[in-house]
Amino acid sequence: MNYKALQNGSDIRGIAMENENGAVNLTENEVRHLAAAFAEWLKKKSGKDSLKVAVGRDSRLTGEAFVRASVEGMNARGVECYDCGLASTPAMFMTTVTEGYKFDGSIMITASHLPWYRNGMKFFTPGGGLESSDIKELTSLAETSELPESFDSSAEKLEFMDIYAEHLRNTIKNAVKADDFEHPLAGLHIIVDAGNGCGGFYVSKVLEPLGANTEGSQFLEPDGHFPNHIPNPENKEAAAAIAKATLAAKADLGIIFDTDVDRAGAILPDGRSLTRNALIAVLARIALTEHPGTTIVTDSVTSSGLAAFIKAHGGVHRRFKRGYRNVIDESIRLNSEGTDSQLAIETSGHGAFKENYFLDDGAYLMVKLLIELGKGHKLEEMISDLKEPAASVELRFPVLADDVSTLADSVLNTIKASVEIIDGWTLAPDNFEGVRVNVDEHKGNGWFLIRKSLHEPIMPLNIESDDKDGCPIIAKTLYEIIKREEMLDLQSIIDYIGNSL
């Protein structure tokens with residue numbers, strides 16, 4: 001087995017069930033060997049021979065079998081295992097830092113928002129999630145490790161989601177300080193769309209005990225087929241489903257989680273989406289109220305309006321690279337150098353607060369919103385001065401060359417050279433990824449960013465404009481620059497320009 005093929009950045013991802021889109025490459029056998037490799041790696045890193053590790057899963061169809069296989073692999077290495085059953089990814093990290101538990105490590109069986117036939121593994125220590133370099137080491141260990149012919153699948157059952165939910169409830173109660181301390185959300189109508197992932201606990205174990213009305217919540221039952229919509233706040237069908245439910249329930253807030261609850265989005269009472277720039281803005285406003293002047297780290301595709309919003313409220317905006325781990329690691333680095341940075345968040349909804357172990361936790365992000373509602377604040381008023389673009393588009397260009405990086409670098413250099421000679425174009429300052437160009441009002445009135453993909457042989461292009469017809473104007477100018485790149489599939493921009501102009 002080529003274990004290296006299963007690495008996806010800082011996670012393991014693979015095809016776990018028969019389907020029409022590819023052959024199975026992640027079975028109980030691979031999971032067993034990877035879990036054993038994690039045990040070996042963890043013993044070496046911690047210097048401890050006796051380890052305690054927790055394992056949890058989302059609602060995927062192969063989840064229970066993969067938990068069992070993980071336990072078997074670690075038992076073969078002498079690890080004491082705890083089975084947390086259905087759990088969220090953030091909760092599995094919390095098993096390593098919560099008083100009374102503080103396990104040496106944890107494994108989460110999940111493939112996030114990917115289709116039902118896929119699955120994967122995330123690994124944690126008390127220091128956080130494993131890095132890409134750590135996963136590379138695990139895959140190497142898995143390829144050479146030997147396991148016995150028979151396996152011990154015994155593990156102590158642990159209902160850790162109860163402990164984790166109590167932590168979330170206490171965070172809200174202690175921050176709101178309502179007259180009715182036990183029910184700080186009384187009088188509020190909050191609904192949840194869990195997408196048949198593992199986020200249904202938020203209704204029964206967080207919102208309802210705090211007094212919220214949750215009538216109208218949907219798709220709370222775990223179902224690994226994901227029959228209603230993809231559990232992904234960025235998916236258009238999912239976003240439409242929670243918006244419709246929020247309006248129908250006349251709720252004060254609609255919440256949508258991805259499968260394993262490390263991401264979340266929200267819907268305002270009028271049906272407007274609180275995702276991407278808007279979600280970052282309201283969380284940045286909260287962080288800046290609590291920590292004036294702090295630095296907010298985001299990924300590279302956030303809008304100019306968000307940058308202006310953060311500055312207007314006394315903050316410093318650091319627009320960094322795509323990839324939630326890049327954003328979080330940059331915030332951690334800034335803090336280590338003496339620059340206060342309380343929030344790191346990507347437009348996908350991966351967000352992490354310094355106060356919460358820099359853990360990307362969708363449930364905790366929603367806790368911060370609920371605290372504001374519990375205090376009587378209106379989220380829409382908190383971001384009333386956020387200027388959103390009039391239009392935006394993302395296009396993806398497949399790279400046809402064998403050497404993807406060299407071709408992409410050539411394209412980026414061509415664009416950089418052209419910026420100097422195109423009137424109305426200027427390179428954006430403090431850009432850390434690809435090429436970001438500001439475009440004046442006569443050439444499209446916005447900006448674009450073109451970059452290398454982190455994991456795929458493509459070059460994504462993001463365009464935003466303050467004019468509703470500005471994006472195709474920007475796209476057309478850019479196309480004229482790169483149209484001779486034969487090893488870049490430009491059909492998407494050709495179609496976009498043709499359909500827009």
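The values are calculated or read from the model by the stated rules, or taken from the named source; none is laboratory data. Values in this document were obtained by computation on a predicted structure and should not be read as measured data. So basically every Cβ, Gly included, is an ideal-geometry build from the backbone, and we count neighbours across all protein chains shown. Keep in mind that these areas ignore ligands, DNA and RNA; they rest on the heavy atoms of the full protein, side chains included. Shrake-Rupley method; radii C 1.70, N 1.55, O 1.52, S 1.80 Å.
Structure notes:
- Remark: relative contact order (the chain) = 10 percent; criterion is Cα-Cα distance under 8 angstrom and separation of 6 or more residues.
- Extension reserve of the MET487-ALA186 stretch, reckoned as 0.36 nm per residue once the Cα distance is removed: 102.5 nm
- Maximal additional length on extending the GLU143-ASP430 stretch stands at 99.2 nm, based on 0.36 nm per residue less the C-alpha distance.
- Solvent exposure of the chain, expressed per residue, is 41 Å² of accessible area, with all protein chains present and a 1.4 angstrom probe.
- Computed [θ] at 222 nm, deg cm²/dmol, the chain (DSSP H ≥ 4; -39,500 (n - 2.57); rounded to nearest 500): -11000 deg cm²/dmol
- Candidates per trypsin sites (Lys or Arg not before Pro) in segment 214-262, loop by DSSP, up to 14 other Cβ within 10 Å: LYS250
- Cα centroid of segment 73-138 to Cα centroid of segment 149-212, whole Å: 20 Å
- Here is the list for segment 69-113: GluC sites (Glu not before Pro) lying in DSSP coil, each with at most 15 other C-beta atoms within 10 angstrom of its C-beta, are GLU99.
- For segment 285-397: relative contact order, % (alpha-carbon pairs under 8 angstrom, 6 or more apart): 25 percent
- In segment 1-91, the convex hull through the Cα atoms has an average projected area of 6.4 nm², a quarter of its surface area.
- The share of Cα pairs per 20 Å bin across the chain, counted from zero up to the longest distance, runs 22, 54, 23, 1 percent.
- Remark on segment 253-368: hydrodynamic radius 13.8 angstrom, per the Kirkwood mean of 1/r across alpha carbon pairs.
- Percentage of interatomic Cα-Cα distances in segment 393-461 larger than 14 Å: 60 percent
- Note on the chain: with neighbouring protein chains present and a 1.4 Å probe, carbon and sulfur make up 47 percent of its accessible heavy-atom surface.
- Reachable lysines from LYS483, criterion Cα separation under 28 angstrom, eight or more residues apart if same chain: LYS321, LYS416, LYS443, LYS452, LYS468
- Segment 272-368: GluC sites (Glu not before Pro) in DSSP coil with no more than 10 other Cβ atoms inside 10 Å: GLU337
- Take the convex hull of the alpha carbons in segment 194-336; its mean projected area over all directions comes to 9.6 nm².
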